[in-house]
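A quick write-up on the structure given underneath.
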Amino acid sequence: MSDEDLDIDDVMVLEEVNPELALAVWEPTGDAGIDAALDELTRLEDIPAVERIAVYESVHRQLHQRLADLSTGP
């Protein structure tokens, strides 16, 4: 379905922000690699939904690599 196919009745409008639906604010972890990966999640708000999967995949890859790095030592 494209944006042109949408009818106003198909769109949900929130009168108030539900905190469960909002992105959580995170505090820096102190690990530069993890913090850089998590910073990418702030881009989600500015890109179309269809492009968000690439961001999720990138963050997953970076976090996975960081875990691998930690498991092999400093």
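Do you know which of the residues in the range 1-55 that are surrounded by 10 or more Cβ atoms within 10 Å (Cβ to Cβ) and more than 18 Å from the chain's Cα centre (by Cα) is modelled with the lowest pLDDT?
Pass one, the range 1-55, residues surrounded by 10 or more Cβ atoms within 10 Å (Cβ to Cβ): 6, 26, 28-29, 31-44, 47, 51-52, 54-55.
Cutting the leftovers down to more than 18 Å from the chain's Cα centre (by Cα) gives us 6, 31.
On the way: Leu6: 62, Asp31: 91.
Here the residue is Leu6.
Considering the range 56-74, and only residues there that are of a type in the set (S, T, N, Q) and touching a helix residue (DSSP H, G or I) at 6+ places or on another chain (Cβ under 8 Å), the residue that is surrounded by the most Cβ atoms within 10 Å (Cβ to Cβ) turns out to be Gln62.
The values are calculated or read from the model by the stated rules, or taken from the named source; none is laboratory data. Source: prediction; values computed, not measured. Glycine also receives a Cβ, built like all others from the backbone with ideal geometry; neighbour counts cover every protein chain displayed.
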